[in-house]
Amino acid sequence: MAYTAPTTRSTDDLITSTIWNTDLVDNIAALKDPPSANYELNEGSDYTTTSTSFADVDATNLALAVTTTGGDVMVHFHGTFQGNTLGMRIFLNLDVDGSPHAADDGIIFWRETTGAGGTTINAPISFTRLITGLSAAAHTVKLQWKVSAGTATLYAGAGTSSADNHAQMWVREVS
Amino acid sequence: MTRQISIDIPQGVNLEALRAELRAVVGDMVAGVSRSPGGIAVVVEDSAPPDIANQFDAVIAAHDPAQLTLEQQAQADADAARAELLAVLDATLTLYDNALGDWDNLTLAQLKALQKRQIQVQQFLLRYLRRGLNL
């Protein structure tokens, strides 16, 4: 049930059942169940990339579609990554309806600083982002990533020893 | 903006090496190579021509996943040096423990061997540091 902006009423206005249901019942139902989509990774293999330009992580599963009523959309992602090269950076961004949400190096990055006795290191990356200015229409939000060098891995619940983590992404209209 | 072109590479893939090999032939229109549960894909800039994949075939056919990039080889060398250093340190600590446990009864030859070992360890450490400085 889509949200409908309620009409301002005056004294002595007749509130019919249709008006009541539209302004109150349907809108409360819509607010209880806003447009949203989510995906939790539970894949057959992890994701890796060497791309130095932003690329879709998974153009099918991490491309979430919602049909909004014109409000702001909140996006969240959390996952565990691995970098294999000292000093490399892993950048994340969102693609909204085919355009990058943030310019330049995107919305967040993590820099690999090799731990003692090893050349690779794992790190959780998480962000929550508010997207404003969207029209009331269908929208698609995709997770994108790039590296400054080396190879980045996103664990995808694929059974990797000690890294069998299930990342999640969700989008929800929040206003 | 980028797009991804799926490829089939039955011999296996070294993502970093394949990226370098593709860029050497095609140029920087190739942003990288990605692997997902759906397979392997070359990431190209949106400005790349539609038939750019035609240039991939020879590179993919010649790709040897066991061939390391210069950066990967340097990383492997550093890993080996680190492992070698750890082995030397562990062996020396064991030697010291044994010597200190029977210090009053060591012969001159054993003391000389101990001294020589100390010099060898210092020499090894200095070489390790020198390599790390890469001057």
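The values are calculated or read from the model by the stated rules, or taken from the named source; none is laboratory data. The model shown is predicted, which means the values in this text are computed figures rather than measured ones. In this analysis, Cβ positions are derived from the backbone assuming ideal geometry, glycine residues included, and neighbour counts consider all displayed protein chains.
Couple of notes before you dig in:
- Every residue from region A:1-23 that is surrounded by 11 or more Cβ atoms within 10 Å (Cβ to Cβ) and within 30 Å of the chain's Cα centre (by Cα): A:Met1, A:Ala2, A:Tyr3, A:Thr4, A:Pro6
- Any chance B:Asp64 is within 23 Å of the chain's Cα centre (by Cα) and away from chain A (no Cβ under 14 Å): yes
- Among residues that are more than 14 Å from chain B (Cβ to nearest Cβ) and either modelled with pLDDT of 95 or more or surrounded by fewer than 16 Cβ atoms within 10 Å (Cβ to Cβ) (or both), A:Phe91 is not included.
- All positions within region B:53-98 that are within 30 Å of B:Gly32 (Cβ to Cβ) and of a type in the set (Val, Ile, Thr): B:Val59, B:Ile60, B:Thr69
- Counting only strands (runs of 3 or more DSSP E) that sit completely within region A:87-175, those holding 1 or more residues that are small (Gly, Ala, Ser) and closer than 25 Å to B:Val43 by Cα correspond to A:121-131, A:152-154.
- Filter result for the condition that a residue is hydroxyl-bearing (Ser, Thr, Tyr), more than 19 Å from A:Val171 (Cβ to Cβ) and in contact with an Asp or Glu (Cβ under 6 Å, 6 or more places away or on another chain), over A:Thr68, A:Thr80, A:Thr50: A:Thr50
- Wholly enclosed strands (runs of 3 or more DSSP E) of region B:1-63 bearing at least 2 residues surrounded by 11 or more Cβ atoms within 10 Å (Cβ to Cβ) and among the charged types (D, E, K, R): none
- Only listed residue being within 14 Å of chain A (Cβ to nearest Cβ) and free of Cβ contacts under 8 Å to residues at least 12 places away in the same chain, chosen from B:Leu22, B:Leu93, B:Leu111, B:Leu70: B:Leu70
- Test: A:His101 is more than 18 Å from A:His78 (Cα to Cα) and either away from chain B (no Cβ under 12 Å) or aromatic (Phe, Trp, Tyr) (or both): no
- When A:Leu31, A:Leu41 are checked against the criterion of being out of contact with any helix residue (DSSP H, G or I) (no Cβ under 6 Å at 6 or more places or on another chain), within 28 Å of A:His101 (Cα to Cα) and surrounded by fewer than 14 Cβ atoms within 10 Å (Cβ to Cβ), A:Leu31 stands alone in meeting it.
- From the list A:Thr52, A:Thr4, A:Thr48, the one residue that fits, being assigned to a loop (DSSP other than H, G, I, E, B), more than 25 Å from A:Ala136 (Cα to Cα), of a type outside the set (Asp, Glu) and out of contact with any Cys (no Cβ under 6 Å at 6 or more places or on another chain), is A:Thr52.
- For B:Ser47, the criteria (1) within 14 Å of chain A (Cβ to nearest Cβ); (2) of a type in the set (Gly, Ala, Ser); (3) farther than 20 Å from A:Thr50 by Cβ hold in every case but one, which is (3).
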